[in-house]
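Following: one structure in structure tokens, then a few remarks.
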Amino acid sequence: MALDDTKTKDFKFVGTRPERPDGVDKVTGRAKFGADMTAPGMLHGAILRSPHAHARILSIDTSKAEALKGVKAVVTRADFSTNPTFGPGLTGEPWNVLENVMAGEKALYDGHAVAAVAATSALIARDALKLIDVTYEVLDHVTDVDKAMAEGAPVIREGAADKSVPAGMHPNVVRYHDSGHGDVEAGFAEADLVLENSFKTEATHQGYIEPHACLGSLGNDGKGELWCTTQGHWYAQKMCAALLGLETSQLRVTASEIGGGFGGKTTVFIEPVALALSRKANKPVKIVMSRSEVFRATGPTASTSMDIKIGMKKDGTITAASGVFRLQGGAFPGAPCEFTAMCAFAPYALENVHQIGYDVMSNRPKQAAYRAPGSPMAAFAVESVIDDLCKELGLDPIDVRLKNASHKGTKASFGPRFDDIGLVETLEAAKAHEHYNTPLKEGQGRGISCGFWFNHGGETAVSLALSEDGTAQISVGTPDIGGSRASMALMAAEELGIPYEHIRCTVADTATLGYNEISHGSRVTYASGLATIKAAKDAVNKLCKRAAQKWGIPEDAVKWEDGCAVPSGANAGDFDPLPLAKITANMGATGGPIVGHFEATPEGAGVSFATHIVDAEVDHETGKTKIVRYTVVQDAGKAIHPTYVEGQFQGGAAQGIGWALNEEYIYGDDGRLQNAGFLDYRIPLASDLPMIDTVIVEVANPGHPYGVRGVGETSICPPLAAIANAVSAAAGVRMRELPMSPPRIVAALKAAQDG
Amino acid sequence: MVKVHLWSGLRSLVDGQDAVEVQASTVGDILRGLVKLYPGLEGPIEAGVSVAVDGKIIANDLTTPVTTESEIYLMQKLRGG
Amino acid sequence: MSKIHVNTTVNGDEVDFLCDPRETLLDCLRDKLQLTGSKEGCGTGDCGACSVVLDGRLVCACLVLGVEAEGKTVDTVEGIAKGQDLHPLQEKFIKYAALQCGICTPGILVATKNLLERNPNPTETEVRYWLAGNLCRCTGYDKIIRAIMDTAAEMREAG
């Protein structure tokens, strides 16, 4: 979409740091999250989950549970639609979601939902689960990605592979990606040094502190209400409707405040179950997941196994690069192998590049997005090899990256030419930063990495209603996962010319606004922001029209300035500026309520790059790593609210630190998750981290009126590699498996000593 | 005619080519044209594709215009977190 | 199992409720007293989102049974502000953007208020270790620590 009027400077409100509108609610405990809602007559739901990693479900006897006093409904797969009302019949994603939400013929992972009950108290519901008799035929299981591809591996599901998968691969390989250009063999031949290595990363969880929770109410008239913590309530609406055989518009979904999502709340797990129970019991049903359910049965990341080969000349030019990326995404297609493959070499302008990705199924929960899905793992592998090449050739890591950096017009590793991008700016800022120029202390290692993410547009609808007192209400459809309500109000203030404090932004429910895609892909400030600006411009046009009517002059003789309608020139007439509040005060009498709106699928989301600098120390005796210093440099296009942009940078870095050093899914030989709690799934604590410094680079995105690029995801792309490079330097041994937990580092140090 | 670059994993479905020409004035025309020429592409396209037009990645909008000069790449559909 | 009648004081108010002996103090605060400010993040005392002060001692409400509150005083996030007036910690958290999603915020506020009552002049390290039992996934803790250090300094000055 062509943007006719963009603004890159002279902002009055954008770029300032006002207080967020949900601040008081959140510091007083008043804000309502998923589990904070109740309804009269409400029942409590609980879900029975498979204790086996892979098993055929031979029978489910719910009679004893149904007979327990207080139990009002029990559901199994039979209570869901056999013919989702949208999508190609039972195939495709709706079927995958249904199969994940409630098992069909097989339990596919430890924690897979098998049945559910609704009862008058949470304790009775829990007790009732123990009375459900499930007969399983336990099958062989596989949880490792390479083992799942190997001959003889247990088959998760026959016939799930799409037509792009090469012939002869195991049925667990369901999707395939292959892209690149040039001649990598010729390129490797030209290099002075070629390094080839393999890397592995284990699955991690987004780790949001708020478990999934919902309250659903569905009548036998097919009309329902759903309250849930989600990143996308229109998606929840359409998926629940499909799984329950409802018409989409008859289900109204309201998004609660969300206690973290990071991609893990972009789909449904318990919501269709709550609605199915509600329909059967004819009462509202509330379901709240326990922490162990969250780990076992929501959407962790894929785990990966990767091979990288890069060739470099003595002067630092990369002559060729190739990568093979194997990802398992649980018992369903969807591991983001194509993103891993496409992001891997994106920061570099290469003549010869080739990347292959495999999406593999295994007996694990269905993966979901985690910030930039697939990209962090690719960066870990690629940037580690670049680091090794720099060390062997005696070259500075930032200079080498600058030498090979992608810029506007570069043919990306995944095909198209880049438009305006800010990679070079982030590298230059990192190079000039005081952190990079501070000498390391004895025993410390420093790591650098670049990172890349696509960012997203998506369906967006915004409505901006003016109140009679001259204040404004914005309705957006994107749940606020990063402080976006404040950013929307800032952008609207800029267009309307009234103070930020006079604008309230709310997240509307599915019944009161047009379709909005999920808050993901770093799209909210970009897409809802663009829509807010356009909706505000629409309101401003209407306000000008009212002024023109009042003054008896043509519409195009009126313009908007500093919150007032003014004649556009001396010829238009001599009228005093007419403030917004004066126009709205009697709008009912001059043509009716004034509302601006905008609906579209904006397609100008700009890609974004980041460079991170990390200093680390490793205790050679215990293998414990201390992150001594961390600096994030990232291109935000235009920072609408700089404090919230900094917050995203810091949050992504912190998650990357956890992923690099401690977090992993640990499966036993029985295929069961061993560490389904925050004690043993160890995320960073306040005592683990230093202050995280941030530098906001702004290279305007031509696809947004103010130049905004999404920032939420790119911040997690560099940390795994930057930390691996720092730790490998501090430990004196290259680490090729994540997490680099203390036992792994101790083992690596010992192996280096012995061999 | 518009030249459409395909990711190499699709080559086996289009007689080994890495680019295909179709008659099209919008992104929607491109996708319809591809399936008409090579019905085997219907599966991957239905599964979800984005189309990069002169470097701009179009995730949804089938009405986006294209010309014979446009640089067009078919990519797998983008999702975020 | 029959329910037990519990009498306790929450945020200075005398309250009572009936609870199953298996229910936790967190369940009772949220479901019986409609004080939903304390959050359940894990149910096993690892995340601190349910932090409350029980007879002056910082605890995880998910590790205390409802019946144990009998005759004791409980302080939750809902009791930190005095009417309309926010506590300096609450004001600074908003000013510093020391919260993003806000789910950990009640627990962190309760824990920090308790720390500053015991030690009005903590070092950054002392604050970080005091909060080691309060997980935050959004912020990386940077702005939280800055808000707390500034608040502590301001409160010391105000005497």
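The values are calculated or read from the model by the stated rules, or taken from the named source; none is laboratory data. Here the structure is a predicted model, which means the values were calculated and not measured. Virtual Cβ from ideal backbone geometry, glycine too; neighbours counted across all protein chains shown.
The set of residues in region A:1-54 being touching a residue at least 40 places away in the same chain (Cβ under 8 Å), within 14 Å of chain C (Cβ to nearest Cβ) and among the hydroxyl-bearing types (S, T, Y) consists of A:T16, A:T38. Screening A:T584 against (1) crowded, with 24+ Cβ neighbours inside 10 Å; (2) touching an Asp or Glu at 6+ places or on another chain (Cβ under 8 Å) leaves a single unmet condition, (1). Of the residues screened, C:T112 is one that is in a helix (DSSP H, G or I), among the hydroxyl-bearing types (S, T, Y), over 23 Å from A:E257 (Cα atoms) and more than 10 Å from every other protein chain (Cβ to nearest Cβ). For the condition within 20 Å of A:M289 (Cβ to Cβ) and outside the structural domain of C:Y141 (by TED's automatic domain parsing), C:D46 qualifies. Where strands (runs of 3 or more DSSP E) fall wholly inside region A:194-294, the ranges with 3 or more residues that are without any contact (Cβ under 8 Å) to a residue 60 or more places away in the chain are A:224-228. Inspection of region C:132-142 identifies no residue that is more than 7 Å from chain A (Cβ to nearest Cβ), among the charged types (D, E, K, R) and either surrounded by fewer than 24 Cβ atoms within 10 Å (Cβ to Cβ) or in a helix (DSSP H, G or I) (or both). Considering region A:454-562, the qualifying strands (runs of 3 or more DSSP E), each wholly inside and each with 2 or more residues that are within 14 Å of another protein chain (Cβ to nearest Cβ), run over A:460-466. Of the residues making up region A:578-624, those that are hydrophobic (A, V, I, L, M, F, W, C), in contact (Cβ under 8 Å) with a residue 40 or more places away in the chain and in a strand (DSSP E or B) are A:V595, A:F598, A:A600, A:F609, A:A610, A:I613, A:V614, A:A616, A:V618.
Applying the criterion of at least 1 residues that are closer than 21 Å to A:G259 by Cα and more than 8 Å from chain A (Cβ to nearest Cβ) to the strands (runs of 3 or more DSSP E) found wholly in region C:3-65 leaves C:51-54, C:57-60.
Table: residues versus (1) closer than 28 Å to A:G422 by Cα; (2) more than 14 Å from every other protein chain (Cβ to nearest Cβ).
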site: A:I666; (1), (2): no, yes
site: A:I683; (1), (2): no, no
site: A:S687; (1), (2): no, no
site: A:P690; (1), (2): yes, no
site: A:P705; (1), (2): yes, yes
site: A:G712; (1), (2): yes, no
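Conditions tested, residue by residue: (1) closer than 30 Å to A:K283 by Cα; (2) aliphatic (A, V, I, L, M); (3) assigned to a loop (DSSP other than H, G, I, E, B).
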| site | (1), (2), (3) |
| --- | --- |
| A:I124 | yes, yes, no |
| A:K163 | no, no, yes |
| A:P166 | no, no, yes |
| A:M169 | no, yes, yes |
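Within region A:604-626, is there a residue that is in contact with a strand residue (DSSP E or B) (Cβ under 9 Å, 6 or more places away or on another chain), under 19 Å from A:R709 (Cβ atoms), within 14 Å of chain B (Cβ to nearest Cβ) and among the hydrophobic types (A, V, I, L, M, F, W, C)? So far as region A:604-626 goes, yes, one or more of its residues are in contact with a strand residue (DSSP E or B) (Cβ under 9 Å, 6 or more places away or on another chain), under 19 Å from A:R709 (Cβ atoms), within 14 Å of chain B (Cβ to nearest Cβ) and among the hydrophobic types (A, V, I, L, M, F, W, C). For region A:683-712, the candidate set comprises residues that are under 14 Å from A:Q650 (Cβ atoms) and under 20 Å from the mean Cα position of the chain (by Cα); within that set, the residue that is surrounded by the fewest Cβ atoms within 10 Å (Cβ to Cβ) is A:P684.
Remark: C:A153 falls outside the filter, which requires a residue to be within 24 Å of A:I258 (Cβ to Cβ), among the aliphatic types (A, V, I, L, M) and more than 7 Å from chain A (Cβ to nearest Cβ). C:G43 meets the conditions (1) touching a strand residue (DSSP E or B) at 6+ places or on another chain (Cβ under 9 Å); (2) in contact (Cβ under 8 Å) with a residue 40 or more places away in the chain; (3) surrounded by 17 or more Cβ atoms within 10 Å (Cβ to Cβ) in every case but one. The failed one is (2). Checking the stated criteria, A:E196 turns out to be in contact with a strand residue (DSSP E or B) (Cβ under 6 Å, 6 or more places away or on another chain), closer than 30 Å to A:S384 by Cβ and surrounded by fewer than 20 Cβ atoms within 10 Å (Cβ to Cβ).
Look at A:V155 and say whether it is out of contact with any Phe, Trp or Tyr (no Cβ under 8 Å at 6 or more places or on another chain), within 21 Å of A:N363 (Cα to Cα) and in a loop (DSSP other than H, G, I, E, B). In short, yes.
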